[in-house]
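The values are calculated or read from the model by the stated rules, or taken from the named source; none is laboratory data. Since this is a predicted model, take the numbers as computed values, not measurements. Positions of Cβ are backbone-derived with ideal geometry, glycine not excepted, and every protein chain shown enters the neighbour counts. Side chains included, ligands, DNA and RNA excluded: accessible areas come from the protein's heavy atoms. Shrake-Rupley method; radii C 1.70, N 1.55, O 1.52, S 1.80 Å.
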Amino acid sequence: MLSRLRAPLICAFLVTSSVALLSSSASAEPTTVSYTGPPVAIPDGSDLTGSAPGAPVSASVTASGHDEYVHKVVLRIDGYDCSDVIDSTTVGLSLSFVGDLRLTLTAPNGHSVEVVRRSGGGGNNFCQTVLDDNAEKSIAIVYPHEAPFTGTFSPYHPLSAFRGTPANGTWTLTAQDFYSQDTGHIRAFSVLI
């Protein structure tokens, strides 16, 4: 009779230990990988109809050292001196009319999420812009007078779509300008995994 009592106690201990391990890994501090390369020019669209966008351009960062899959992703468009000056060199992403812009983040496994779609109208530049699914305000409803766009916003499509994808490898931010008469660059961004 004594041996029957020991087995359930061991099982209960193992289940409790597994739950504790899962909880501690889910709350671990995120790893930040930042783009430190040269500015990437964003080609202008060739007309004002939006039917002839500029070529998409990309900048990438490489994550390594993760031993598990993605739990949460946050995209941060960096910068150190936020300004709405056209083609400012101190913002994370400059564009003279951000309402022309589409931004997409792509994971190492090729899965992509459109994080910005023609938001902000005639406002200029993203600087210290955090795209986080938990934010109350959406980047889809920012207005030109709020430029440069700083603060924390939820992305156009949720970054939770990356949950369960491999964290290690190349993460790519792609920018595409859909209308003519604008200039800009990808200058600084970070992916928090």
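A few comments on the model shown:
- From the options 104, 152, 129, residue that is crowded, with 20+ Cβ neighbours inside 10 Å, among the polar types (S, T, N, Q) and more than 20 Å from residue 181 (Cα to Cα): 129
- In segment 64-89, residue farthest from residue 103 (Cα to Cα) [restricted to those that are open to solvent by 30 Å² or more (accessible area, probe 1.4 Å) and among the polar types (S, T, N, Q)]: 64
- Just so you know, in segment 48-63 the residues that are among the polar types (S, T, N, Q) and either open to solvent by less than 90 Å² (accessible area, probe 1.4 Å) or out of contact with any strand residue (DSSP E or B) (no Cβ under 9 Å at 6 or more places or on another chain) (or both) include one that is nearest to residue 33 (Cα to Cα), and it is 60.
- Filter result for residue 159 (open to solvent by less than 10 Å² (accessible area, probe 1.4 Å), more than 30 Å from residue 47 (Cα to Cα), in contact (Cβ under 8 Å) with a residue 40 or more places away in the chain and hydrophobic (A, V, I, L, M, F, W, C)): yes
- Cβ-Cβ under 6 Å pairs, at least 6 apart or on other chains, segment 17-44 side open to solvent by 70 Å² or more (accessible area, probe 1.4 Å), far side at pLDDT 95 or above and part of a loop (DSSP other than H, G, I, E, B): 39/187
- Scanning segment 107-126 for residues that are over 13 Å from the mean Cα position of the chain (by Cα), surrounded by 15 or more Cβ atoms within 10 Å (Cβ to Cβ) and small (Gly, Ala, Ser) turns up 119, 120, 121, 123.
- Note on segment 163-193: residues that are over 16 Å from residue 62 (Cα atoms) and in contact with a His (Cβ under 8 Å, 6 or more places away or on another chain) amount to 1.
- Checking residue 95 against (1) crowded, with 19+ Cβ neighbours inside 10 Å; (2) at pLDDT 95 or above; (3) more than 12 Å from residue 150 (Cβ to Cβ), the condition it does not meet: (2)
- Among residues of segment 156-174, those that are within 12 Å of the chain's Cα centre (by Cα), aliphatic (A, V, I, L, M) and under 24 Å from residue 37 (Cβ atoms), counted: 2
- Elements of the type strands (runs of 3 or more DSSP E) sitting completely within segment 93-165 and holding at least 2 residues that are hydroxyl-bearing (Ser, Thr, Tyr): these cover 101-106, 149-153.
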